[in-house]
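J.: Next up is a structure, given as structure tokens.
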Ligand code: CA
């Protein structure tokens, strides 16, 4: 077992039990302090650890890793060194911060250089995303949308149970948690009237998780479904902001475009796949049987609790959705195998989002479109107001965590405040 995955491991950094970042997590991100350039970092509890400085001080000297990969404004170069090395770095960090290891614990000079209170640093976009793909892999979500917009008796289109449906999204507008989101403008089509141009009236979130590709392929190569995890570095929370009125008018026949491409928000810490091993669960039984290239052996789903809160300006937040990443009909490995089955190459830093994650209970629906059932069931807020979709001034907050044997591993927060259209 990896050292960092040992549930008994304790750190000399104080961590409250509700923290998403115990010593077993060790995610990777990018920080900036007031006096220093961007650098690769990790976090334990509410202490951020500057890995560039740690590397320069020689703590990874025997790990055969070029320390320049930490002196970057994204984790792409670090991911590209490959899993044997990135996992060795993760284990070394676990050792250094272990309760009984005095090496760094008792070196005040080094600690002053590498440790920062999380409140004193700015988290930057962790990954330089080359290509972004959005899947549509929650059966409940696809069924809900199909029921609302097409036919309750044929909610799933004929391809849905045979392949993980997806589309190529826009990488340039993926932003890190905390970035304000401008309400988009575009073309909409009122019922029984000509199209109009203006600010979207139906701005929505989509509760998703995204995986980050950590290993490239060559054009022409396909990733085997049962080796796909070798290509997945880790995961983050992902809000795939959607303008439903723009989307509804534009999406036929080629799919989402401007209703999606104005922004997506990602959480700042990429949790490595191996940190989530304890949360693996069986996926859904797939019927009809899938084609051989999509047949996954083993537990390919993850029991990760997900929630979405809306916080109006100067008002307490309200949790409007409680879902789980295990509600995925198609798992990540199937998504990646399908993505590459035609020979399409993938690159380090590519991001693949799950699609909106909804469960069977109405409280688990992962978008306002479903929670308010197309605006027919408004959601009550603490200040007495109601929401059918997201208002200007609202902050949407997503959280995600797994918990087993008393160890909680989480993703932090994925937040974005909506600003009025210009
Ligand atoms: Ca989506």
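The values are calculated or read from the model by the stated rules, or taken from the named source; none is laboratory data. Just so we're clear, the structure is a prediction, and the values are computed from it rather than from any experiment. Note that each Cβ is placed from the backbone with ideal geometry, even for glycine, and that neighbours are counted across all protein chains shown.
J.: Being in contact with a helix residue (DSSP H, G or I) (Cβ under 9 Å, 6 or more places away or on another chain) and closer than 30 Å to residue 90 by Cβ narrows it down to one residue among 224, 245, 204; which is it?
T.: On the way: 245 fails: closer than 30 Å to residue 90 by Cβ; 204 fails: closer than 30 Å to residue 90 by Cβ.
Just a single option satisfies the conditions, and that option is 224.
J.: Which members of segment 207-222 meet the condition of being crowded, with 24+ Cβ neighbours inside 10 Å and more than 16 Å from the ligand (Cβ to nearest atom)?
T.: So in segment 207-222, the residues crowded, with 24+ Cβ neighbours inside 10 Å come out as 207-214.
Matches in segment 207-222: 212, 213, 214.
J.: Within segment 366-399, track down each residue that is more than 22 Å from residue 261 (Cα to Cα) and either within 16 Å of the ligand (Cβ to nearest atom) or not in a strand (DSSP E or B) (or both).
T.: Passing the criteria: 371, 372, 373, 375, 376, 377, 378, 381, 382, 383, 384, 385.
J.: If you don't mind, there's one more thing I want to ask. How many residues are crowded, with 19+ Cβ neighbours inside 10 Å and within 12 Å of the ligand (Cβ to nearest atom) when one looks only at segment 245-256? Walk me through it before giving the result.
T.: Taking segment 245-256 first, the residues crowded, with 19+ Cβ neighbours inside 10 Å are 245-247, 250, 256.
Going one step further and asking which of them are within 12 Å of the ligand (Cβ to nearest atom), we end up with 247, 256.
So the count comes out to 2.
J.: Would it be correct to say that residue 259 is buried (at least 24 other Cβ atoms within 10 Å of the Cβ), within 16 Å of the ligand (Cβ to nearest atom) and either in a loop (DSSP other than H, G, I, E, B) or modelled with pLDDT of 95 or more (or both)? Give the derivation first.
T.: Details: buried (at least 24 other Cβ atoms within 10 Å of the Cβ): yes; within 16 Å of the ligand (Cβ to nearest atom): yes; either in a loop (DSSP other than H, G, I, E, B) or modelled with pLDDT of 95 or more (or both): yes.
Yes, satisfied.
J.: Among the residues of segment 338-361, is any in a helix (DSSP H, G or I) and within 16 Å of the ligand (Cβ to nearest atom)?
T.: Taking segment 338-361 first, the residues in a helix (DSSP H, G or I) are 338-340.
Next cut, within 16 Å of the ligand (Cβ to nearest atom) only: 339.
Yes, segment 338-361 contains at least one residue that is in a helix (DSSP H, G or I) and within 16 Å of the ligand (Cβ to nearest atom).
J.: Of the residues that make up segment 381-404, is at least one more than 17 Å from the chain's Cα centre (by Cα) and within 28 Å of residue 281 (Cβ to Cβ)? Outline the logic, then answer.
T.: Of the residues in segment 381-404, the ones more than 17 Å from the chain's Cα centre (by Cα) are 381-395, 403-404.
Going one step further and asking which of them are within 28 Å of residue 281 (Cβ to Cβ), we end up with 403-404.
Looking through segment 381-404, at least one residue is more than 17 Å from the chain's Cα centre (by Cα) and within 28 Å of residue 281 (Cβ to Cβ).
J.: Could you check, for segment 283-303, whether at least one of its residues is in a loop (DSSP other than H, G, I, E, B) and surrounded by 22 or more Cβ atoms within 10 Å (Cβ to Cβ)? Show your work before the answer.
T.: Our first condition is that a residue be in a loop (DSSP other than H, G, I, E, B); within segment 283-303, this holds for 283-291, 295-300, 303.
When the remaining residues are screened for being surrounded by 22 or more Cβ atoms within 10 Å (Cβ to Cβ), the result is none.
No, segment 283-303 contains no residue that is in a loop (DSSP other than H, G, I, E, B) and surrounded by 22 or more Cβ atoms within 10 Å (Cβ to Cβ).
J.: Name, by its number, the condition in (1) part of a loop (DSSP other than H, G, I, E, B); (2) more than 24 Å from residue 243 (Cβ to Cβ); (3) in contact with a strand residue (DSSP E or B) (Cβ under 8 Å, 6 or more places away or on another chain); (4) within 16 Å of the ligand (Cβ to nearest atom) that does not hold for residue 329.
T.: Only one criterion is unmet by residue 329, namely (3).
J.: May I pose another question? Look at segment 158-194 and say how many of its residues are more than 16 Å from the ligand (Cβ to nearest atom) and in contact with a helix residue (DSSP H, G or I) (Cβ under 7 Å, 6 or more places away or on another chain). It would help to see each step written out before you state the result.
T.: Residues of segment 158-194 more than 16 Å from the ligand (Cβ to nearest atom): 158-159, 161-163, 172, 176-180, 182-183, 185-194.
Within this subset, residues satisfying the condition of being in contact with a helix residue (DSSP H, G or I) (Cβ under 7 Å, 6 or more places away or on another chain) are 163, 186-189.
Summing the residues that are more than 16 Å from the ligand (Cβ to nearest atom) and in contact with a helix residue (DSSP H, G or I) (Cβ under 7 Å, 6 or more places away or on another chain) in segment 158-194 gives 5.
J.: Considering 341, 320, 348, 379, which residue is touching a helix residue (DSSP H, G or I) at 6+ places or on another chain (Cβ under 7 Å) and under 30 Å from residue 26 (Cβ atoms)?
T.: Values: 341 fails: under 30 Å from residue 26 (Cβ atoms); 320 fails: under 30 Å from residue 26 (Cβ atoms); 379 fails: under 30 Å from residue 26 (Cβ atoms).
Result: 348 is the single residue among 341, 320, 348, 379 that is touching a helix residue (DSSP H, G or I) at 6+ places or on another chain (Cβ under 7 Å) and under 30 Å from residue 26 (Cβ atoms).
J.: Between 402, 412, which is touching a helix residue (DSSP H, G or I) at 6+ places or on another chain (Cβ under 6 Å) and in a strand (DSSP E or B)? If you could, list the steps in order and put the result at the bottom.
T.: Numbers: 412 fails: touching a helix residue (DSSP H, G or I) at 6+ places or on another chain (Cβ under 6 Å).
One residue alone meets the criteria, 402.
J.: Sticking with this one: Can you list the strands (runs of 3 or more DSSP E) found entirely within segment 89-156 that contain at least 2 residues being touching a residue at least 12 places away in the same chain (Cβ under 8 Å) and within 16 Å of the ligand (Cβ to nearest atom)? Reasoning before the result, please.
T.: Values: elements: 115-117, 122-124, 132-135.
The strands (runs of 3 or more DSSP E) meeting that bar are 132-135.
J.: Give all pairs with beta carbons closer than 8 Å in which a residue from segment 25-36 that is on the phi > 0 side of the Ramachandran plot meets a residue that is in a strand (DSSP E or B); count only pairs at least 6 apart in sequence or on separate chains.
T.: Pairs found: 26/42; 26/44; 26/272.
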